[in-house]
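Shown next, in structure tokens, is the structure this report addresses.
The values are calculated or read from the model by the stated rules, or taken from the named source; none is laboratory data. Because the structure is a prediction, the values reported are computed rather than measured. Here the Cβ is made from the backbone with ideal geometry for all residues, glycine too, and neighbour counts use every protein chain on show. Only protein heavy atoms, including side chains, enter the accessible area calculation; ligands, DNA and RNA are left aside. Shrake-Rupley method; radii C 1.70, N 1.55, O 1.52, S 1.80 Å.
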Amino acid sequence: MSRLTALDVIDRLPARSRTVDRMVMGCAVILAMLGIAVGAFTYQQRGSEAVRHAMVVDGLLGRVLSAIQDAETGQRGYLLTEDETFLRPFRDGRAKVNREIAQLNERIHGDDSQRAELNTLILLIRDKLSELGTSVELRRTGDLAASQDLVRQGHGRDVMDEIRSIIGRMEEHEAALMDRRQAENSRIALLIWGLFAAVVIALVLFAMSATREAARRRSLARFLPQELASRIADDDGSLKAGRRQQAVIAFIDMRGSTTIAERLDPHELSAFLSAFRRRVMAISRLYGGVVDKFIGDGALVVFGLPEPTADDAARAVAFARDLVEAIARWNEKGDHDATVRIGIGLHCGEVFSGIIGEDARYEFTVLGDTVNVAARLEQATKSHGVSVLASEAVRRAAGTTTAPWREISREPLRGRREPMAYYTIEALPPPDEADLGRQRMARPA
């Protein structure tokens, strides 16, 4: 019998629900919050960078002016005293001017207005330093009169006044630029934090909605199969209203459960039945079945929910075969003293399926003659000594190549008048013969 492939499982996955949409929306909101936070941080950094830039440029301009003044002080001192020690601050001032101008040039390379001012400033500084250097050289060569005459002409003072004026304008430009950037960043930051607050409020509302939705789904999951709880939570009205549809019904019952219960204390019995139900649920989910309900030591599993598909019967047969094999392996493990045997009846046809009750107490139900026939087939497994009985309708729907079928009987099932053919699956673990004999002895004539 062919197993389900990954593609078969994927094909039966439900369409994306509104819960998933809400989760996607929530993730989008979180990402938006992160984006806004990053944007706010970036703009704050830009504002801080504008302040730092203005402070650095102001500092460089101040050091340029100071270096020129140092050079001029050294020049005057040398001219008055002819002391060579005054030449050191003169030379250091000229070298410092060159260094600060180079750094200033790098800092304002993107500002055309400041660039134009700097170019003019560089020319004036060169003129000033040239005048200072000429006067020093005249004095060193012994031409004191020419040196003093050059100073008295006052050209250097005029140039120095222009230098101070340009440096002042450049400092004012940087201050104005910093004010504009800070004002702009303040407006943008206010907008960003406003958006951030709106997103936070939206996220809180979303979280409250998601919490209520999760609570509603948990409440539904307490009473409904997991596969149907999501559909009801997404307001699928067809399930709640009830409908007629095609489905495959699997009835499962444990043999000799009364005898097993007599040997176990309540705690052991609870653990035993829980282990049995876990196996039923795991294999039913593997093959896309929905556990409608557990009835004591039995179960009713439906294939074809929430929507019927062409391979429902094939999956039901695969479920029955694998469940019998899983119970046999469970027996081999020796987790319990008793030998567990089960019977499974399979039938397909039209059923009425729907959910009844109110929000506080939903219950899913499957009704119809198809359900009754599946129950009768499960009961007939006892008298025929097989683990699985499937109707002719299931055999045809599943296909003759899905399992090695063997016809069991064409007699009417117990409690019914019309004859019908039913089959078992070959190569399944046989029921315990002693247990089967006890069942036959106990059955009334």
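Laid out as a table, the results:
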| quantity | calculated |
| --- | --- |
| Label-point separation in nm, Val200 to Arg140, each point 7 Å along Cα→Cβ | 6.8 |
| Taking all pairs of distinct alpha-carbon atoms in the stretch 366-408, Kirkwood radius in angstrom | 11.3 |
| Heavy atoms of Trp405: accessible area, 1.4 Å probe, square angstrom to 10 | 50 |
| Residues whose placed amide H lies under 5 Å from that of Met420, excluding near-sequence neighbours | Glu411, Leu413 |
| Carbon/sulfur fraction of accessible area - the stretch 243-295, other protein chains in place, 1.4 Å, % | 57 |
| Probe 1.4 Å, accessible area per residue of the stretch 250-374, Å² | 42 |
| Relative contact order %, the stretch 103-199, counting alpha carbon pairs below 8 Å whose residues are six or more apart | 26 |
| FRET E, pair Thr400, Arg285, Förster distance 30 Å, beta-carbon r, rounded to 0.05 | 0.65 |
| Rounded percent of accessible protein surface that carbon and sulfur make up, the stretch 45-132, 1.4 Å probe | 50 |
| Arg376 - accessible surface, heavy atoms, 1.4 Å probe, Å² rounded to 10 | 80 |
| Arg180 accessible area, 1.4 Å probe, all protein chains in place, Å² to nearest 10 | 130 |
| Under Karplus coefficients 6.51, -1.76 and 1.60, residue-wise ³J(HN,Hα) of the stretch 341-353 in Hz, glycine/proline x | 10, 10, x, 10, x, 10, 8, 10, x, 7, 9, 9, 10 |
| Leading residue at positive end of dipole, the stretch 95-199 (Cβ point charges), from Val199, Met178, Ile166 | Val199 |
